[in-house]
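Accompanying notes for the structure given below.
The values are calculated or read from the model by the stated rules, or taken from the named source; none is laboratory data. What you see is a predicted model; the values in this text were computed from it and never measured. As a convention, Cβ positions derive from the backbone with ideal geometry for all residues, glycine included, and neighbour counts pool all protein chains shown.
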Amino acid sequence: MDKKEEKLQQAQMLLKAFGLPKQQYNNRSAWVFLALANIKPGDDWSRAQAPLLPTVDIMQFIREHYGQDYKPNSRETIRRQTLHQFEQARMVDRNRDDPSRATNSKDNNYSLNQPIIEVLREFPDGQWMAKIEEYKADLQNLQELYRRTLDMQKIPVKLPNGQEIKLSPGKHNQLHADIVHEFCPRFIGEGGIVLYIGDTASSRNEGGKLMVLETGALEALGVPPMSHDKLPDVVVYDKKREWLFLIEAVTSHGPVSPKRWIELEEALESCKVGRVYVTAFPDTAEFRKNAADVAWETEVWIADNPDHMIHFNGDRFLGPHDNAKGK
């Protein structure tokens, strides 16, 4: 048996001993485990380490040292079907260097935690099985501690009706919170009702997590059922003025552009109330990068200068427009 095959089988033995289900000690997961431990074919397990590795670096390690060339589109498979399970089992820490980093950040990284490293350094001739039993006995405490750590990093949002929700950490969700806490009180007032807000990191990358979706209220306003991908990031109804605020938060994706405006107007053709389109930016620098793409007859709000609006129109200030689409 060559050294590559030997290391693969040893990694699978360890993953099985840790109590992972069968699909998590297949070849792919074993190679990922070896990469996370920085164990090359000729290395002793006593040399196990815990570098901070993005998924692309894990794939590069496997390619370079174990000859398995995973294609770029395999990155999500590795993340969803191996790393996510390692994280749930508390074998792996995500973003140990910055737990507040957004789930969808390009800088996300993974690393083995210390109890796992202690097991590996005892393998195969030391007290590795005893270390695994210690890990299993303490697993519930490790999971609870990790859950509390993640909860501490989440962004609290208090809606106008008093309901409190928590969004995943990240610049985009922080802008969602600023819209609710800063924009709504200034420009909508006490009558504002949040009808939609999503946890951006989860909804775009984890299969969909809607924090607020008042389907009945939206349909009562004539907003047809549509997926969260079609709605802007935050939707708020001003009951007093009968205006529906459709707010796009921009930190990486674009503003309410002419194309986006036409798409929304067509989708909301049956809406019974006035529509106000707003693009929210975290700061002036982000606004400058996107200013040329902002559609006329929409509004711009910048979170670091919250008392002011920029009106991309000529006939009025904040309010819905009644003109036909495209004019």
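A few notes on this one:
- Single match in E242, E248 (criterion: assigned by TED's automatic domain parsing to the domain that holds K171, modelled with pLDDT of 90 or more, closer than 17 Å to L195 by Cα and touching a Ser or Thr at 6+ places or on another chain (Cβ under 7 Å)): E248
- Whenever a residue of region 300-314 is in contact (Cβ under 8 Å) with a residue 40 or more places away in the chain and assigned to a strand (DSSP E or B), its partners that are of a type outside the set (A, V, I, L, M, F, W, C) and buried (at least 17 other Cβ atoms within 10 Å of the Cβ), lying with C-beta atoms within less than 8 angstrom and at least six residues away or across chains, give the pairs V300/P255; V300/T279; W301/T279; M309/E299.
- Residues satisfying the stated conditions in region 246-264, i.e. without any contact (Cβ under 8 Å) to a residue 60 or more places away in the chain and assigned to a strand (DSSP E or B): L246, E248
- No other residue among E76, E5, E64 is more than 30 Å from the chain's Cα centre (by Cα), without any contact (Cβ under 8 Å) to a residue 60 or more places away in the chain and surrounded by fewer than 19 Cβ atoms within 10 Å (Cβ to Cβ) apart from E5.
- If the condition is being among the aromatic types (F, W, Y), outside any loop (DSSP other than H, G, I, E, B) and more than 18 Å from V92 (Cα to Cα), then region 53-78 contributes only Y66.
- Selection count where residues are aliphatic (A, V, I, L, M) and either surrounded by fewer than 21 Cβ atoms within 10 Å (Cβ to Cβ) or assigned to a strand (DSSP E or B) (or both), scope region 79-93: 2
- Scanning region 158-170 for residues that are surrounded by 15 or more Cβ atoms within 10 Å (Cβ to Cβ) and either in contact with a Phe, Trp or Tyr (Cβ under 9 Å, 6 or more places away or on another chain) or not in a strand (DSSP E or B) (or both) turns up L159, P160, S168, P169, G170.
- Cβ-Cβ distances below 9 Å connect the following pairs, each with a first residue in region 217-228 that is among the charged types (D, E, K, R), a second residue that is at pLDDT below 90, and a separation of six or more residues or different chains: E219/P225.
- Within region 111-127, residues that are closer than 19 Å to R94 by Cβ reach partners that are surrounded by fewer than 18 Cβ atoms within 10 Å (Cβ to Cβ) with beta carbons closer than 7 Å, at six or more positions or on different chains, in the pairs S111/P51; S111/L52; S111/R96.
- Restricting L36, L52 to those that are over 16 Å from A17 (Cα atoms) and in contact with a Lys or Arg (Cβ under 9 Å, 6 or more places away or on another chain) reduces the list to L52.
- Taking region 94-157 and the helices (runs of 4 or more DSSP H) fully enclosed by it, the elements with 2 or more residues that are modelled with pLDDT of 90 or more are at 114-120, 128-137.
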